[in-house]
Amino acid sequence: MLNIEPEQRYSLNNIQLLAIAPSIILKQECECISPILEDFIKTINELNSDTGITLNINGINIKYFGFLGFALGDTLAQNWLAGFFESVGKTKRFCRNCEITFQDRKNEDFSKKYEPRKLISHLDQLRLIENIPSTSKIFGIKSRSELLKLKDFDVCESFLQDPMHTLIQGVCLIEMKYLFTYIIEEKNKTVDFLNDRILKFNYSMLDKNNIPNSKLETSHIDKASFSLNASQILTLILNIPLIFGDLFENKEDDNWKNFLRLNSIVNVVFAFFMMKKL
């Protein structure tokens, strides 16, 4: 709830359980999600109306207003709830936020601006899919989301990205692969050198539970697949500037500058520090 201070939002007192349902039922091709969310959708729409909802608190009537601002969750679960295909590898347009295709990605023309998905065109695509089901995989849309029944909720914009999967276990792995390869090939270092630096680095007390403790292999770097969990990868990403910064005397090195940009993005996304109001 965004009217609660950020540090209090995730305490158990402020997290309210909506429903419990076996996943095997939810995965069936049926309308089983509708009755689960029916009361929630009805209540949110009442809150987001001109009249709001009046509650009697300690004998005093208080009128409340509200809306559903966004949804957070695991990438596959959010894809499912938003009505897109859970597995991105099964469709032509695999991103729930834009119209990029797998062919576009193979071309690697990153200067191209890909059109973001818009709710009005999403609804048009849904109507086409409902009439011609075979077009479903072209658009990457599996079904009509129940959350489309919510007032002012945009399924193309209001489902936020899952930073663990898309960033830490996605972009960060690729960037570590390129950086480590660059250090080996251009700085004439070895995998043993990388391991020595990483495993012997004096990590802070904040990182003590997530220190990288597994040796890198050449195959790990080649495949961008490291035997570390997400928390360990996050720790490594944030400490790499301290671990390997001395190798880059030329601070204008594009490879190093690019990695530092990623490091800054990770810091912003995970918001480790928050400015307090004075």
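Legend: helices of the chain (whole DSSP H runs) are marked when their alpha-carbon atoms reach 15 angstrom or more along the helix axis and their mean Kyte-Doolittle hydropathy is at least 1.0; marked are 230-244. A Förster radius of 25 Å combined with the Cβ-Cβ distance from Ser121 to Val268 puts the calculated FRET efficiency at roughly 0.25. Exposure proxy for Arg261, Arg93: other Cβ atoms within 10 Å of each Cβ, ordered fewest to most, give Arg261, Arg93. Projecting the Cα atoms of Thr166, Gln125, Asn188 onto the charge dipole of the chain, computed from C-beta unit charges around the Cα centre, puts Gln125 farthest toward the positive end. Neighbour counting of Cβ atoms within 10 Å sorts the residues Arg9, Arg117, fewest neighbours leading, into Arg9, Arg117. Along the charge dipole of region 74-158, which of Ala82, Ser134, Cys156 sits closest to the positive end, that is, farthest toward it, with unit charges on the beta carbon of Lys, Arg, Asp and Glu (+1, +1, -1, -1)? The one lying farthest along the dipole's positive direction is Ser134. Think of each Lys and Arg Cβ as +1 and each Asp and Glu Cβ as -1; about the Cα centre, that makes the dipole of region 1-67 roughly 120 debye.
Partner aspartates and glutamates whose Cα lies under 20 Å from the Cα of Lys149, excluding those fewer than 8 positions away in the same chain, are identified as Glu29, Glu31, Glu38, Asp39, Glu46, Asp50, Asp124, Glu130, Glu157. With a Cα cut-off of under 22 Å and a minimum spacing of 8 residues unless on different chains, the lysine pairs in region 163-278 number 20.
Approximating the spin labels as points 7 Å out from Cα along Cα→Cβ, the Ala230-to-Phe65 distance works out to 3.6 nm. Modelled this way, with points 7 Å down the Cα-to-C-beta line, the labels at Lys200 and Leu17 are 5.1 nm from one another. In a DSSP loop and with at most 10 other Cβ atoms within 10 Å, the chymotrypsin sites (Phe, Trp or Tyr not before Pro) in region 43-136 are Phe110. Amide H contacts for Ala71 (H built 1.01 Å from N in the peptide plane; partners 5 or more residues away or on another chain; cut-off under 5 Å): Phe159, Leu160. Full extension of the chain between Lys223 and Ile25 gives 67.7 nm of extra length, using 0.36 nm per residue less the Cα-Cα distance.
Here region 118-261 is assigned +1 on the Cβ of each Lys and Arg and -1 on the Cβ of each Asp and Glu. Its dipole about the Cα centre then comes out at about 440 debye. In this structure, the amide hydrogen of Cys98, modeled 1.01 Å from its nitrogen in the peptide plane, lies closer than 5 angstrom to those of Arg117, counting only residues at least 5 positions away or on a different chain. Annotation: the residues Lys208, Lys90, Lys177, sorted from fewest to most other C-beta atoms within 10 Å of their own C-beta, follow the order Lys208, Lys90, Lys177.
Read the figures in this text as sums done on the coordinates, not as results from a lab. Quantities reported herein were computed from a predicted structural model and do not represent experimental measurements. Please note: Cβ atoms are built from the backbone with ideal geometry, for glycine as well, and neighbour counts cover all protein chains shown.
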